Structure formats: structure tokens, C-alpha cells
Amino acid sequence: MPLCAILSAAMDSLPLAADALTLARWQFATTTLYHFIFVPLTLGLAPVIAYMQTKWYRTRDESWLRLTKFFGTLLLINFAIGAATGLLQEFQFGMNWSSYSQFVGDVFGSTLALEGLIAFMLESTFIGIWVFGWGRLSERMHLASIWLVVAGTWLSTTFILMANSWMQNPVGYSIDAATGQARMVDLWAVLTNPIAIWAVAHTLLASLMVASFLLLGIACWHILKGRNVDLFRPVVKLSLYMAIPISTLTLLVGSEFGVALTGPQPMKIASAEALWNSEQPASFSLFQIGGFSVDDQEPSFSLDIPYLLSFLATNTFTGKVEGMNQVQASAQAKYGPGNYIPDVKLAYWSMRGMAYIGSLSATIALLGGFLYWRGTLEKSRWFLKTAVAGISLPFITALIGWVFTETARQPWVAYGVLKTADGLSQSVGPGEIIASLTAFMLLYIAIGITAFVLLRRYAILDPPQILPAEDAKSESEPAPVY
Amino acid sequence: MSLAELWFFVIAGLWATYLVLEGFDFGVGMMMGVAARNEDERSEMIETIAPVWDANEVWLLVVGGLTFASFPAWYGTWLEGAYLGLVVLIIALLLRVISFEWRGRVDPRWRGLWSTINIGASVAAPLIWGLVLSVLLAGLPVAGGGRVGEMRYFGNILDFITPYSVLGALSLTALFAFHGALFLSLRLEGPLAERIRERIVKLDARHLLPNLTLPALLLAGGFLIATPFVAHSVNARSIVPVAIPAALGLIALIAAVINAQRGEFARAFICTILTIVGWVATLFIGLFPRIIVSTLSLGDSVTIQNAQSSHYTLVVMTVAAVVMVPVIILYQWWGFRTLMARLGRGKMPWSAPDSN
């Protein structure tokens with residue numbers, strides 16, 4: 001239900017006569033979301049693989065080495081696409097959002113530059129060293145290289161989210177009186193943006209969720225087929241140890257993230273709840289029909305839980321939550337006339353889609369934990385099948401989360417500093433964007449299909465055997481085969 | 001020299017680093033089209049760059065990010081103007097990355113297709129880089145925008161096609177082909193390596209095609225000779241300061257050709273590295289103190305002065321670069337030595353002494 005609603009709301013904003021602004025937004029949204037299918041898997045899988053290799057290094061238990069190489073191949077296929085699509089993300093700021101780049105590049109560009117210098121170079125170099133270093137480096141150095149990949153990917157996320165959080169909650173800057181450009185005045189404030197801290201925690205947890213469900217799903221598939229059961233049994237355990245606490249933590253941190261956002265972006269919270277007028281105490285709407293536009297503020301049907309929204313937004317059961325009409329009035333007083341209300345239906349349903357599917361994942365994880373504790377997990381074929389299908393859930397949740405946080409910030413690209421419409425490249429017309437959008441979509445679909453086929457093939461393959469004489473040598477390495 | 005001027009040359013240095021490193025990767029890609037006779041030989045070629053191509057490409061993200069941070073108006077105006085060219089470039093780079101990863105994993109029937117894609121991308125990417133870099137000097141219709149502090153592009157992609165920028169595109173591509181062929185001469189052994197050395201790198205009267213030495217010499221030489229004059233006529237630069245790096249680049253280029261004829265491939269490879277550095281240095285010194293020469297009027301150009309970030313940001317970036325760039329060079333150097341030395345038999349100039 002939320003999925004359909006999100007799709008229909010998204011389609012509503014597709015104009016018939018497409019203008020450059022809408023097209024550029026669609027291009028950014030689709031390519032970024034696509035990029036973020038692969039990113040969380042890399043972020044979550046890298047530490048898992050590093051953990052597996054560490055286990056092998058410490059215990060010399062060969063099954064951990066086999067698992068390291070098995071999941072290593074999946075990581076590599078995935079990493080390549082994540083890195084390749086990331087290039088477009090950086091260049092797109094200049095190509096489609098030239099005015100944005102020029103007005104905020106001083107602050108925003110700096111975080112991207114720091115990411116390249118400190119993080120991305122580290123992960124890209126050491127993933128090459130890890131792949132080709134089997135048997136060529138000392139085991140200790142080789143193990144260190146995968147941990148450096150983990151450090152690189154996590155640092156990379158941190159800097160990228162600092163950049164994004166600056167768009168959500170601009171800090172540490174002043175506006176140049178002569179040119180109107182944002183100038184960085186306090187790097188520390190940019191690096192310790194409270195929104196960034198929550199965003200990093202929430203994103204990394206969500207990424208570990210993605211990885212844990214992938215592990216669980218793949219392990220359950222092998223158990224379902226009765227293949228490599230002894231090898232994958234510890235993977236089930238590991239994935240449940242990850243998924244149970246992390247699914248709950250992701251929801252809790254996400255909720256606190258919402259509280260933190262209420263201050264800097266009251267409109268985001270109000271629109272996510274389709275709350276038109278301030279309430280104290282505010283009730284949480286579980287489901288509603290209608291009530292999503294200025295002309296239709298009263299839902300025709302609504303299922304509410306009293307006090308819950310006050311609690312979610314302010315951490316007290318009687319806190320006041322501002323409504324969109326009030327925020328709109330104060331925004332007009334502050335920034336001048338204009339519409340400061342985002343797409344309410346999209347915000348409402350994407351928020352719920354994220355929370356509901358996230359809760360569903362948490363339930364699956366708990367169920368798996370229960371079955372595992374009872375010792376009946378391997379015989380519960382329905383659960384094994386659910387777990388295989390469940391691989392997709394955390395991916396979907398993460399993508400919907402981005403749809404929510406980016407669309408509910410509109411009409412701003414940098415909140416309170418620059419509107420999205422003012423960030424556009426002036427000389428790039430709709431025709432050019434239609435051409436590029438079409439080309440990227442066709443390419444991304446082709447890559448997506450190939451990626452899916454390849455990942456699936458390697459996920460259902462028997463993990464590589466370790467020949468006694470070879471041990472960790474190159475014959476069975478997860479290296480690309482040219 | 002102001003901090004922004006220093007950063008202009010830092011960015012130039014990063015471009016040189018990126019082009020030197022990814023240049024031989026592109027060159028190897030081109031050689032797959034010219035020198036290999038079958039897919040197994042192409043696999044052999046790819047293996048020579050397998051451990052490093054990814055790390056090499058990251059320099060592009062670093063130079064992109066640092067340009068964004070230190071000269072936002074340059075970043076915005078340039079990338080906006082080059083829109084369609086960059087779309088092609090990004091698609092080429094994307095397909096190339098995917099081809100590396102998947103060529104050996106997919107059904108063998110598809111190997112040839114992925115090779116073709118890799119070859120095509122390895123030609124397209126340097127052509128576009130050469131074009132969009134050298135057009136900075138040839139000039140683009142840029143000027144101040146509607147808002148103060150904003151630079152705007154007033155043309156379309158066709159404005160990127162000028163005689164000088166086309167020479168820039170062809171010269172960089174020819175240089176990379178030579179650079180990559182020298183790299184392969186060092187890294188490969190056997191009949192494939194012999195074919196590259198005898199027919200492609202050395203000037204052989206019987207096999208003028210597909211010999212790569214001559215195009216590199218003529219096109220890159222032509223670019224180096226033309227640049228001081230172009231800088232003088234469109235950018236009001238005096239000839240001598242631009243002619244110095246051009247002359248040094250030319251000497252390196254000639255030395256590369258001579259060393260290749262003598263079979264001194266390691267020396268020749270170092271010389272092509274220096275030629276690429278000379279190519280970038282000549283261009284950027286020709287641009288100074290402007291960044292994008294305006295064809296509307298010289299006063300409308302994007303300059304170091306009007307494109308720079310705040311002093312604070314430049315200081316932050318300076319500290320970050322001073323700390324991180326040596327660290328990066330250190331671990332990449334270590335990675336290169338460790339993996340390159342033991343992976344193949346070819347002896348590289350930087351190979352660790354224990355290589356065989």
C-alpha cells in the first residue's frame with residue numbers, strides 16, 4: 001500500500017510538458033537512488049567480510065576463509081557499480097546544478113573534496129590491494145587492507161552525509177554580502193552538524209541491515225536447497241546477531257533523527273505527518289485517506305494513535321508539534337512570498353513506507369531469532385523462503401528513506417539558503433536533459449539486469465574450495481577473472 | 001603568489017597526476033584494439049592494469065572535488081557548458097569500469113563485446129578530456145551571470161569544437177596510446193610484447209600502421225608548439241613563459257621516441273610521463289591567470305580571481321591536501337610496488353628490488 005501510494009504521488013509530479021527543472025530533478029533523483037542500491041551493500045558487507053577474515057585469521061577455521069571469498073566476490077561486483085555510478089553523482093552538481101555549485105561550492109564542495117582525499121582514495125586503493133594481495137601480502141597486512149577498506153567506505157559515507165546534512169541544515173557559513181554566495185566560516189561546525197551525526201548513524205545502521213538481510217537470505221537459500229548447510233549455519237547465526245539489534249536500533253535512531261530534524265526543518269516533520277495545524281498533544285496518523293493538499297486539509301478517513309506524534313517529534317507525550325499552515329506563515333515572513341510546503345502525500349507515505357517496511361524487517365529478524373533459538377529454523381521452509389524474499393526489504397526501505405528526506409526538503413536545495421529552482425544550470429535545456437536522462441536510464445537498466453544476474457549467480461554458487469596446499473593463494477581468490 | 005594562484009597550480013598538478021595514471025590505462029585499452037589478436041591476448045593486457053586502474057581513476061574524483069571546493073565558479077560553468085560531452089564521457093567511463101569487472105565473469109560469448117566496449121571507452125575518454133581541457137584556452141562564450149558572483153555559459157556543446165581543442169583531443173589520445181604501449185612493452189612478455197615493441201612502439205618502415213610513435217610525435221608535438229602562440233593571441237600571454245614548459249615537454253617527447261627506438265622502454269615510459277606533465281603544464285601556464293578564456297571579451301573570462309573560494313576554505317583545503325596527498329602517494333606507491341612487482345614479470349621503473 002505505501003509503495004503504491006509513493007509511486008502514484010511520484011507520478012503526479014511528472015509534468016506533461018517537462019521543463020528543465022523537473023527533468024534535472026528526475027535525473028538527479030533516479031541516478032542517486034540507483035547509486036544508493038549499491039552503496040549500502042558495500043558499506044554493510046565490507047565489515048562483515050573483514051569480520052569473517054579476522055575469524056579465519058584467528059581460528060584458522062577454513063570455513064571462514066571460504067565464506068570470506070564467497071562474499072568477497074559479491075562485494076567486488078557490487079563495489080564496481082557503486083564506484084562507477086558515484087562519478088556521475090559528483091559531476092552532476094556542476095553539469096545540472098551549476099548555480100547551486102557556484103553559490104554553495106565553498107562549503108559543499110569542500111566536504112566532497114575531503115571525501116575524495118581522506119576516504120575514497122583509501123577504499124579504492126586498498127580494495128585493489130585486498131583483491132590482488134591474496135598470497136602476495138603477509139596475512140596480517142592483507143587482513144589490515146580489508147579493514148582499511150571498511151574504514152574508507154565508512155569515512156566516505158560520513159563526509160557525503162556531512163555534505164547532504166549541510167543541505168538539510170546549513171551551519172558554519174556566512175553569506176557574502178557582495179555576491180550572495182555561502183562562504184564557509186567554521187569547518188568544525190560543518191563537521192559536527194547535529195543532523196550529520198544522526199544521518200551517519202542512521203545510514204550506517206541501515207546499511208548493516210541491508211548486509212545482514214543479504215547474509216540471512218543467501219544462507220537460507222543454501223539451507224533450503226540443502227547445499228553447504230554446515231558452512232552457512234554460522235552465517236545464519238551471524239546475520240541474526242546483526243539483524244535483531246540493528247533493525248530495532250535503525251528504527252530508534254531514525255526516530256531520534258526525526259526529533260533532531262524538527263528544529264531545523266519543522267516543515268519536513270509536519271508534512272511527513274500531513275499535520276496542517278499545530279497540535280498539542282499531537283496524535284500519530286497510522287493511515288489516512290485524503291488530507292494531502294492545501295485545498296483538502298481534512299482526511300476523509302484517518303486511523304490515529306493519540307500522543308504518539310508528540311512523543312516521536314519531541315520526546316514528550318504532550319509536546320507541541322507545528323502544523324504546515326503555521327510553518328508556511330512563518331517561512332513567508334522569513335523568506336518572502338512563496339509556497340514552502342513540499343509534496344505532502346509523498347512525504348506522508350514515504351515516511352510510513354520506510355517505518356512500516358523497517359518494522360516488517362525487524363519482525364522477520366525477531367522471528368528468525370525465535371526459530372533459531374527453538375532450533376527449528378532449518379526445518380521451517382516458509383521462513384527460509386521469507387528470508388530469501390526479505391533480501392529486498394532493507395534496500396527498499398533505504399531508498400524510500402532518501403525519497404522522503406530529499407523531497408520533503410523542497411522547495412529548498414539548501415534549506416533556507418537556496419531554492420532548488422535557483423540552483424539549476426541556465427544553459428542546459430530540456431532537450432539535453434531528456435537525451436542524458438534517457439541514455440543514463442537505458443544504461444542503468446542494462447547494468448542493473450546484468451548486476452542482478454551476476455550477483456544471483458555468485459550468490460547461489462558453492463563457495464570456493466580451499467585446496468590444502470594453496471591455503472590462501474591465488475587459485476581461489478575472489479579476484480576478477482579477466 | 002596568492003593562495004588561490006597556488007591552488008590553480010595544485011589543480012593543474014592533480015590533472016597531470018590523473019592523466020599520467022589513467023593515461024596508461026586508456027592506452028592499454030586502445031592497444032587491445034590495435035595489438036591484440038584474440039580475447040586471450042586482451043585478457044593478458046587487462047591483467048597488467050588490473051590491480052591499479054580503480055585507484056588511478058579515483059584521482060579524477062579528487063581533482064573534481066578539489067576543483068569544486070577551490071574554484072566553484074570554474075567547476076559550475078565548465079561542467080555545465082560541456083554537458084553533452086561529459087554525458088558521453090561518464091557513460092564511457094561507467095561502461096569501462098563495468099567491462100573490467102564483468103568481462104571475465106559473463107558468458108565467454110560476451111567477452112568480445114565487453115572488449116569492444118572497453119576499447120571504445122578508452123578512445124572516447126581521452127578525446128573528450130583533451131577537448132574539454134584545451135578548450136579552456138581556445139575560449140568559450142562565458143560571462144558573468146544574472147546574479148553577482150555567478151558565471152554563466154552562453155553557448156552550446158558545438159562551441160567546444162575549435163581547431164585548437166580538436167588538436168588537444170587528438171594529441172592527448174595519441175600520447176596515451178604511446179604511453180600505454182610503452183607500459184605494455186614493460187609489463188608483458190612473449191610474442192604479444194614483441195609485436196607491441198617491434199611494430200607499435202618502434203618506428204618500422206614496413207609497418208607504418210598501426211605504428212603509434214609517429215602520431216604521438218606529430219600531434220603532441222604540434223600541440224606543444226601551438227600552445228604558446230594560442231595563449232599569446234587569445235589570452236594575451238607573452239610567449240616565453242609558456243614556451244618554456246612547452247619546450248621541456250617537447251624534449252621529453254623526443255627523448256621518449258629515441259629511447260623507444262633503442263629498446264629502453266622504462267626510460268621511454270618515464271619520458272612519456274614527463275610529456276603528459278608538460279602537456280598539462282603548458283596548457284595551464286598558458287591559461288594563467290585566467291581559467292576559462294571568454295570568447296565574448298577577455299574581461300568576461302572566468303579567472304582565478306573571480307572563481308576562487310573564500311580564503312578560509314582555501315586554507316582548509318591546503319591543510320587537507322598537505323596532509324593527505326603525501327599519505328595517498330605513500331600508500332599507492334607501496335601498493336604499486338607490492339602488486340606490480342610480483343604480479344607480472346615485466347620490470348617497471350618503480351619495481352621493488354625483489355621482483356624477478
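Of the peptides A:140-153, B:217-230, how do they stack up when ordered by the mean number of other Cβ atoms within 10 Å, highest first?
Numbers: A:140-153: 19.6, B:217-230: 21.3.
Order by mean packing, descending: B:217-230, A:140-153.
Listed highest first by mean packing, meaning other Cβ atoms within 10 Å per residue, what order do A:168-181, B:183-196, A:327-340 come in?
On the way: A:168-181: 17.1, B:183-196: 19.9, A:327-340: 13.3.
In descending order of packing, they fall as B:183-196, A:168-181, A:327-340.
May I ask for the Rg/Rh ratio of segment A:181-322, computed from Cα atoms with Rh as the Kirkwood radius, given to two decimals?
Numbers: Rg = 20.7 Å, Rh = 18.2 Å.
My calculation puts Rg/Rh at 1.14.
Please work out the Kirkwood hydrodynamic radius for segment A:222-299, using every pair of different C-alpha atoms, and report it in angstroms with one decimal place. If you can, show how the numbers build up before the last one.
Numbers: mean 1/r = 0.0611 Å⁻¹.
Mean inverse Cα-Cα distance, inverted, gives 16.4 Å.
Enumerate the helices in chain B for which the Kyte-Doolittle hydropathy averages 1.0 or more and the C-alpha atoms extend at least 30 Å along the helix's axis, using complete DSSP H runs.
Working: long enough: B:3-34 (45 Å, 1.45); B:111-138 (40 Å, 1.44); B:163-187 (36 Å, 1.28); B:239-261 (32 Å, 2.11); B:265-287 (33 Å, 1.99); B:311-343 (46 Å, 1.31).
What comes out of the filter, once short or polar helices are dropped, is B:3-34, B:111-138, B:163-187, B:239-261, B:265-287, B:311-343.
Any idea what % of Cα-Cα pairs in the protein assembly as shown are farther than 39 Å?
On the way: 144718 of 350703 pairs.
The proportion of pairs with Cα distances above 39 Å equals 41 percent.
Any idea what the relative contact order of chain A is, in percent, if you count C-alpha pairs under 8 Å spaced at least 6 apart?
Values: 694 pairs, mean separation 107.1, N = 482.
Reported as a whole number, the value is 22 percent.
When only alpha-carbon atoms count, how far does chain A stretch along each of its three principal axes, as whole angstroms with the largest first?
75, 50, 42 Å, listed from the longest principal axis down.
Where a Cα-Cα gap under 19 Å defines reach, which lysines qualify for A:Lys237, not counting those fewer than 8 residues away within the same chain?
Counting by Cα, and skipping residues close in sequence, A:Lys237 has these lysines nearby: A:Lys55, A:Lys69, A:Lys225, A:Lys379, A:Lys385.
Reported to two decimal places, what Rg/Rh ratio describes segment B:3-343 when computed on Cα atoms with Rh from the Kirkwood expression? Provide the component values of the computation, followed by the final result.
On the way: Rg = 20.0 Å, Rh = 20.6 Å.
Result for segment B:3-343 is an Rg/Rh of 0.97.
Dimensions of segment A:260-377 along principal axes (Cα, Å, largest first)?
63, 28, 24
Can you give the mean number of other chain Cβ atoms that lie within 10 Å of the Cβ atoms in peptide A:337-344? The partial results should precede the final answer.
Details: counts 0, 0, 0, 0, 0, 0, 0, 0.
Average per residue, whole number: 0.
Report, as an integer, the average count of C-beta atoms from other chains found within 10 Å of each Cβ along A:179-185.
On the way: counts 6, 4, 8, 2, 5, 8, 3.
Mean partner-chain Cβ count within 10 Å for A:179-185: 5.
Treating cross-link reach as a plain straight distance, find the lysines whose alpha-carbon is under 19 Å from the alpha-carbon of A:Lys334, omitting any fewer than eight places away in the same chain.
Straight-distance partners of A:Lys334: A:Lys268, A:Lys419.
Just the number: Rg to Rh for segment A:313-404, Cα atoms, Kirkwood Rh, two decimals. Walk me through the intermediate numbers first.
Details: Rg = 20.3 Å, Rh = 16.6 Å.
That ratio is 1.22, to two decimals.
Can you divide the C-alpha Rg of segment B:1-98 by 2.2 N^0.38 Å and report the result to two decimal places?
Details: Rg = 16.3 Å, N = 98, 2.2 N^0.38 = 12.6 Å.
Cα-based Rg divided by the globular estimate yields 1.30.
Return P(r) of segment A:67-175 (all Cα-Cα pairs; 10 Å bins starting at 0; whole %; ordered from short to long distances).
Calculated P(r), rounded to whole percents: 13, 39, 27, 15, 6, 0.
So how do A:32-45, B:35-48 stack up, highest first, on mean other-Cβ count within 10 Å? Don't skip to the answer; put the middle values down first.
Details: A:32-45: 22.4, B:35-48: 19.6.
The packing order, highest mean first, is A:32-45, B:35-48.
Across peptide A:128-135, how many C-beta atoms of other chains are within 10 Å of each residue C-beta, on average? Mind dumping the intermediate values first?
Values: counts 11, 10, 0, 4, 10, 5, 0, 1.
Mean partner-chain Cβ count within 10 Å for A:128-135: 5.
In whole angstrom, how far apart do the alpha carbon centroids of segment B:1-78 and segment B:286-343 sit?
Between the Cα centres of segment B:1-78 and segment B:286-343 lies a distance of 13 Å.
Counting C-alpha atoms alone, how compact is segment A:347-448: give Rg to one decimal and Dmax as a whole number, in angstrom.
20.7, 64
State which helices in chain A qualify, where a helix is a whole DSSP H run, it must extend 30 Å or more along its own axis by its Cα atoms, and its mean Kyte-Doolittle hydropathy must be at least 0.5.
Working: long enough: A:20-59 (58 Å, 0.55); A:62-96 (50 Å, 0.63); A:139-168 (43 Å, 0.69); A:194-224 (45 Å, 1.89); A:229-262 (49 Å, 1.25); A:344-374 (45 Å, 0.73); A:430-459 (41 Å, 1.42).
Long hydrophobic helices here: A:20-59, A:62-96, A:139-168, A:194-224, A:229-262, A:344-374, A:430-459.
Treating the beta-carbon of each Lys and Arg as +1 and of each Asp and Glu as -1, no other charges, what is the dipole magnitude of segment A:214-359 about its Cα centre, to the nearest 20 debye? Numbers along the way, then the final one.
Values: 9 positive and 10 negative charges, 159 e Å.
So the magnitude is around 760 debye.
Any read-out appearing in this document is the output of simple, stated calculations on the displayed coordinates, not a laboratory observation. Here the structure is a predicted model, which means the values were calculated and not measured. Glycine gets a Cβ as well: all are built from the backbone with ideal geometry, and neighbour counts include every protein chain shown.
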